[in-house]
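S.K.: One structure, as C-alpha cells, below. Some questions next.
The values are calculated or read from the model by the stated rules, or taken from the named source; none is laboratory data. Just so it is clear, the model here is predicted, and its values are computed rather than measured. With ideal geometry, Cβ positions are generated from the backbone for all residues, glycine too; neighbour counts draw on all protein chains shown. For the accessible areas, the whole protein counts, side chains as well, though only heavy atoms, and no ligand, DNA or RNA atoms are used. Shrake-Rupley method; radii C 1.70, N 1.55, O 1.52, S 1.80 Å.
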Amino acid sequence: MTELQNKIKELISNKTLDLVIGWGNGSMPLVSTPMFIKSEADAEKVIFDPTCRNNLATYLTKDKRRLGKDYEKIGIVVKGCDARSVVLYVTENQVRRDQVFLIGVPCHGVIEKKKIFDLTEGREVLEKKIIGEKITLKGREFEITVPLHDVLSDSCLGCRYPDAREFDLFIGEPRDEVEVKGEFKVVDDFEAKSSEERWDYIKDEYSRCIRCYACRNVCPSCYCNECFVDQNDPQWIGKTPEVTDNIIFHLIRNLHLAGRCVDCGACVSACPVNLNLRIMNKKVEKEMKERFDYTAGLDINEKPAMATYCENEKQDFIMG
Amino acid sequence: MYKFKRIYLPEFIEYLQKTYFVFAPVKSGTETEFKQITSFTEIDQSRLNTTISPKEIFFPRSEVLFTYDEDGIKTPPKREKPAALWGMRACDTRSMRILNDVFANAHQMPEKDMFKDPYWIDKYKDCLLITEACLNPLSTCFCNWFSSGPFDETGSDIFVVKGEVDYYLKGITPKGKEVLAGFEKTEKTIAKDEEELKVLQSIADSYMNPPTDLGDLKDKLGKIWDDPLWDEIGAKCINCGACAYVCPTCHCFDVSDEGKGNKGKRVRLWDACMFQLFTKEASGHNPRSNSIHRVRQRIMHKYNYFVDNYQKFLCTGCGRCVTVCPVNMDIREIIKQILDHKIEKKDK
C-alpha cells in the first residue's frame, strides 16, 4: 500500500475527516477518475500518477451542499494546481481554510490526451506502462515507448508550482517554485502572428465548439450559481452553437478568469472536440502578470486581483 | 451478396450522388464528423467512430424552424435530395432507427398522429443508411450488450464489409437492393469471399469484451428511484453536456427565439438533461436541483422510461460517452453497479 493510501486510511479511521476527494483508477488505461473516499476500503483504491488530470478542487464549489452541510471538513488530494484553486477559493471567500484538509502529492505533470492521440495517430491505447521517465503505449498493432515528457500537458510543461505550497500534509518533500523555460511561449508565438491570422485561428477553432460546457463545468474557477450563458432574462448570448456566439462564450469566460485561472489544464483535457482553449487563458494570465504582477492562487492572504486597487498600477489601457 | 473492388469506391460515391447528398466521416480539426462530401477523397477512414454521432444530419445542433419579418413567416428551404450515409456503424444505424421512432413514429401514444416531427421526417424519410462492419472495435464498444455486434445489419439499407481488395455489399431493404442493382461495377460474391467475411467477423467478434446481461435492468431501475445508490453514482458528475451531445440517441432539444426589431428566427437546439437550466422553472424552482437527480434522469430515461414507451433501450452501446466524459463516468460501470446493487428493505 502506498503512503498516500495509508495516510488517507488513517485520517478516515481516526475521524479527522469523513470525506476525502482523490483519484482512483479509471476504466481506460490513460484515464483516472475522481473518487469520493468515505471508508478505509475506499482509501486502498486511491492512486496518484500522470493520469490524474482532473482538478479536484472544483468539487468544493460545484455542489454547494457538500461543504458545511453534508460534511464538516473535507480532505482533498492536491497537485500544485489543485492547491492553488483552493487558495483562490479562500481568497474569494468561497471556502474557509479550516474547512478543507489538503493532502499534497508530488506532481511531475499529467498526460494530455491530444498528445497521445497524435502519437498513436488515433489508434486506441489498450495498455500503458510508466517506468521512470518513460511511457510505453500498447495497442492492437503497435507498441510505442517515448519519454513521458513528450506526452505531458502543455500546462504542466510551463508550470512553476508543481507541488502544493498550501497543505496540511505532504507525501514526500514539496518543491517550491521550479524553473521553467518559455512559460508564455504559446502566447508570444501567437502574438507574433498577424491579426488576420489570429482571428482566423480563433474563428476556426471556436467554430468547432459544440457548447457542451464541459470546459466551464470542470473549471474550478467557474463556480457562478448561474453562468451568464444560462441566463435568459436578459439573454446575453445566442444559444445557437454558431461561431459568433461560441466566440462570445469563450472570450467572456476568458475575461471572467482574469487573475483567477491557475492553468491546471482541466478545460483542455475535458473538451470532447479538443479545442485549443489554453492560448487565450494564458494570454489573460500573461496580462495579469505584466500589469499587476499577479499570479492566481499563490498567496492565501492576498486579495483577488480584480477586487483590489493600487495607485501605482499601470493604467495605460485607460489613459492611452 | 455483391462485391466491387475497393478502387471503385469513388465511382460508387458518384453514383450515389446522382440521387442523394452523400454524408460520410470527414476530418474536422483533430476530430471526425459526418459531413456532406463532394468527393470520396474527403472521407476519413482512420477512426472507428466519429466524435459526434451522425444524428446531426437529421437533427442538427441548431435548426431554423422558421424566420419572420414584416412580410410574414417563412420556413427554410428543404434539402433538395435525400441523404445517403456512407460509413455508418451498426450502433449508429440502430440509433437512427430509434430516433425515427421518437420523431416520426410515436406508435405507443394514443394521439399518435400528433407526434410527427415534420423537420425530422423531411430529412429522414428517403434516406439511405449504409452500415460498414467494424473490423477493429474499440475497447469502449459495448453494442453486444444490446444483442448487436460489429457485423450487425439491423436497420441498414445496405451493409458493407471492407475486405482486403473488395467491398462486400448486401442489400437489406428493397431500397438498398435497388441501389446496389443499379451500380454497374458490382459482381456476385464467390465461396472464397464468404470465407474472408467469416474470418473478418470472427476477428472482430473476438475483440469485443464479454457482454453484460441487461435482462433485469429495466425492472431493477424501477425499484431504486429513491435509493441512496444514486448519491454514489452521481457524485462525481460535473453536469456538462458532453455525453448527451456525442450520444447518437439523446434527442432533447430547446427552442429559442433569436430576433432583433421586426426580424428574427425560431431555432431548435440540442439540449441536455445534464444541464442545471434544463428543468429550471420560471418560478426559480428546479425539480432536479443537483447532479445526482440529473444523472438519475439520464440513466432512467435510457434504460427504464424509454423501454416503457418503445420496448427498447435508448442506447446502442457506441461508447462515445465513455470516451468523452471528463470525469470518467463510465456508463457500463454504472449499469453494472445498478445490477449488482442489493436493495435494502425499507422499514415501514
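S.K.: Using 0.36 nm per residue, how much length does the chain from A:Asp18 to A:Cys224 gain when fully extended, once their Cα-Cα distance is taken away?
M.R.: 71.5 nm
S.K.: Figure the gain on full extension for B:Ala181 and B:Thr38 (residue separation times 0.36 nm, minus the Cα-Cα span) and round it to one decimal in nm. Please report the intermediate quantities before stating the final value.
M.R.: Values: separation 143, 0.36 × 143 = 51.48 nm, distance 2.29 nm.
Stretched out fully, the B:Ala181 to B:Thr38 stretch lengthens by 49.2 nm.
S.K.: Is the shape of region B:20-61 rounded, prolate or oblate, going by the alpha carbon gyration tensor and its root eigenvalues a ≥ b ≥ c, with a/c under 1.5 for rounded and a/b larger than b/c for prolate? Could you put the intermediate results ahead of the total?
M.R.: Numbers: a/c = 1.92, a/b = 1.07, b/c = 1.79.
Judged from the Cα gyration tensor, region B:20-61 comes out oblate (a/c at least 1.5, b/c at or above a/b).
S.K.: Out of all Cα-Cα pairs in region A:78-237, roughly what percent, to the nearest whole number, are more than 20 Å apart? List each step's numbers first, then the result.
M.R.: Working: 8730 of 12720 pairs.
So the portion of pairs separated by more than 20 Å is 69 percent.
S.K.: Any chance you could tell me what percent of the C-alpha pair distances in chain B go past 27 Å?
M.R.: 51
S.K.: When a/c reaches 1.5 or more, the comparison of a/b and b/c decides; with that in mind, is region B:251-315 rounded, prolate or oblate per its Cα gyration tensor?
M.R.: Working: a/c = 3.39, a/b = 1.63, b/c = 2.08.
Note, shape of region B:251-315 comes out oblate.
S.K.: Now a separate question. Going through region A:94-174, which chymotrypsin sites (Phe, Trp or Tyr not before Pro) have at most 14 other Cβ atoms within 10 Å and a DSSP loop state? Intermediate results must be reported in sequence, preceding the final value.
M.R.: On the way: sites: A:Phe101, A:Phe117, A:Phe142, A:Phe167, A:Phe170; in loops: A:Phe142, A:Phe167.
Answer by residue number: A:Phe142.
S.K.: If you don't mind, there's one more thing I want to ask. Using r as the Cβ-Cβ distance of B:Lys5 and A:Ser195, and R0 as 56 Å, what FRET efficiency do you calculate, to the nearest 0.05?
M.R.: 0.65
S.K.: Considering every residue in A:213-223, what mean count of other chain Cβ atoms within 10 Å of its Cβ is obtained?
M.R.: The per-residue average across the peptide is 4.
S.K.: Here's another thing I want to ask about it. On a straight-distance basis, which lysines could pair with A:Lys15 in a cross-link, Cα separation under 27 angstrom, same-chain partners fewer than 8 positions away excluded?
M.R.: Within reach: A:Lys7, A:Lys38, A:Lys45, A:Lys62, A:Lys64, A:Lys69, A:Lys73, A:Lys79, B:Lys236.
S.K.: Taking chain A as a Gaussian network, Cα atoms linked when under 10 Å apart, which of A:Asn14, A:Asn254, A:Asn301 shows the biggest mean-square fluctuation?
M.R.: A:Asn14
S.K.: Rounded to the nearest 0.05, what FRET efficiency is calculated for A:Ile248 and A:Lys185 with R0 set to 45 Å and r the Cβ-Cβ distance?
M.R.: Calculated transfer efficiency: 0.95.
S.K.: Also, I was wondering about something else. Compactness ratio of the protein assembly as shown: Cα Rg over 2.2 N^0.38 Å, N = residue count?
M.R.: 1.01
S.K.: Moving on. Can you compute the FRET efficiency between B:Ile121 and A:Asp204 using 1/(1 + (r/R0)^6), with r the Cβ-Cβ distance and R0 = 41 Å? Round to the nearest 0.05.
M.R.: For R0 = 41 Å, the calculated efficiency reads 0.75.
S.K.: Relative contact order for region B:217-340: what percent, with Cα pairs under 8 Å and sequence separation of 6 or more?
M.R.: It comes to 33 percent, rounded to a whole number.
S.K.: On a straight-distance basis, which lysines could pair with A:Lys134 in a cross-link, Cα separation under 20 angstrom, same-chain partners fewer than 8 positions away excluded?
M.R.: Counting by Cα, and skipping residues close in sequence, A:Lys134 has these lysines nearby: A:Lys113, A:Lys114, A:Lys115.
S.K.: Okay, moving on. Grab the DSSP H runs of chain A that are 4 residues or longer, score each as -39,500 (n - 2.57), total them, divide by all residues and round the 222 nm result to the nearest 500 deg cm²/dmol.
M.R.: -9000 deg cm²/dmol
S.K.: Would you mind computing, in nm to one decimal, how far apart the modelled labels at B:Lys192 and B:Tyr68 are, each placed 7 Å from Cα along Cα→Cβ?
M.R.: 6.7
S.K.: Can you give the Kirkwood hydrodynamic radius for region B:217-340, in Å, rounded to one decimal and based on Cα pairs?
M.R.: Result for region B:217-340, one decimal place: 15.8 Å.
S.K.: Would you list B:Asp92, A:Asp42 from the most to the least accessible area, probe 1.4 Å?
M.R.: Per-residue accessible area, sorted high to low, gives A:Asp42, B:Asp92.
S.K.: Separate question: Could you order A:Asp70, B:Asp69 by accessible surface area, starting with the largest, using a probe radius of 1.4 Å?
M.R.: Solvent-accessible surface, decreasing: A:Asp70, B:Asp69.
S.K.: Per the helix-only calculation at 222 nm, which mean residue ellipticity applies to chain B, given -39500 (n - 2.57) for every DSSP H run of n ≥ 4 and division by its residues, nearest 500 deg cm²/dmol?
M.R.: -8500 deg cm²/dmol
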